[in-house]
Amino acid sequence: MGRPREFDRDAALEAALRVFWAKGFAATSTDDLRAAMGIGRQSLYGAFGDKRTLYLEALDAYQRRTTSGHLRRLSEGDPLEGIENLLSGLVAEDDQERVLGCMGVGSVGEFGVTDPELNARRKASSERLYRGIALRIGEGQEQGKIDGSLNPAEAASFVLMTMTGLQLAARGGASSAELKAMARFATRRLEN
């Protein structure tokens, strides 16, 4: 019979997620992870497998959390308000968290399209969000709040691109006020 774990797996995963989010995959060492998670090498490997497996689990947890938050904000208010809520909700008020940007965008920057497993994960997450945005744009057009001449698919892609741009600007040090102004500006481009 194996020895029971002496740590909270969820808390350890959250600690690993924070390290990967801040440093990326390649720059994160096993020692960085162990120190942040407060566990030994054997516990890390026994509970999470290798560094890549832990990274994938952390990225999955991050994407589930953020995508559900994105969709919740998108559904608030009328469609135009929902899109602005989606975009402005990306802006963390805490300076240290804001400069982390987005872990998913970071993975694109680090791996590009070279990793099929990561590509599939990102595609599933972004398609779910894309469908939600396109639906809200269609609703806004029906209500006369969003420009009816826009192609909903293209407009949804524009919103996703804006999300990426906001996250990169955050990582580059843009203030919360600057980012929220960008979110408002992008949303106004959709207005009827």
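Please treat every number below as a calculation from the coordinates, not as lab data. Given the structure is predicted, the values throughout are model-derived calculations rather than measurements. Glycine gets a Cβ as well: all are built from the backbone with ideal geometry, and neighbour counts include every protein chain shown.
Run the numbers on segment 42-133 and let me know its relative contact order in percent, using alpha-carbon pairs under 8 Å that are six or more apart. Present the calculation step by step, with values, prior to reporting the outcome.
Working: 40 pairs, mean separation 29.1, N = 92.
Result for segment 42-133 is 32 percent.
What is segment 59-188's relative contact order, in percent, from Cα pairs under 8 angstrom and six or more apart in sequence? Let's see the in-between values first.
Working: 123 pairs, mean separation 48.0, N = 130.
Relative contact order for segment 59-188 comes out at 37 percent.
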Exercise. How many nm separate the modelled label positions at GLU139 and ALA26, each set 7 Å beyond the Cα in the direction of the Cβ?
Worked result: 4.2
Problem set entry | Where labels lie 7 Å past Cα in the beta-carbon direction, separation of SER149 and GLU117 in nm | 4.8
For this session: Any chance you could run the full-extension gain for ARG188 through GLU93? It's 0.36 nm times the residue separation minus the Cα-Cα distance, nm to one decimal.
Result: 32.0 nm
Problem set entry | Hull volume in cubic angstrom per residue (convex hull over the Cα atoms of the chain) | 126
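Could the peptides 43-53, 12-22, 163-173 be put in order, highest first, of the mean number of other beta-carbon atoms found within 10 Å of their residues?
Result, highest mean first: 12-22, 163-173, 43-53.
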Problem set entry | Amide H contacts under 5 Å for ILE146, placed H, 5+ residues apart | GLN141, ASN192
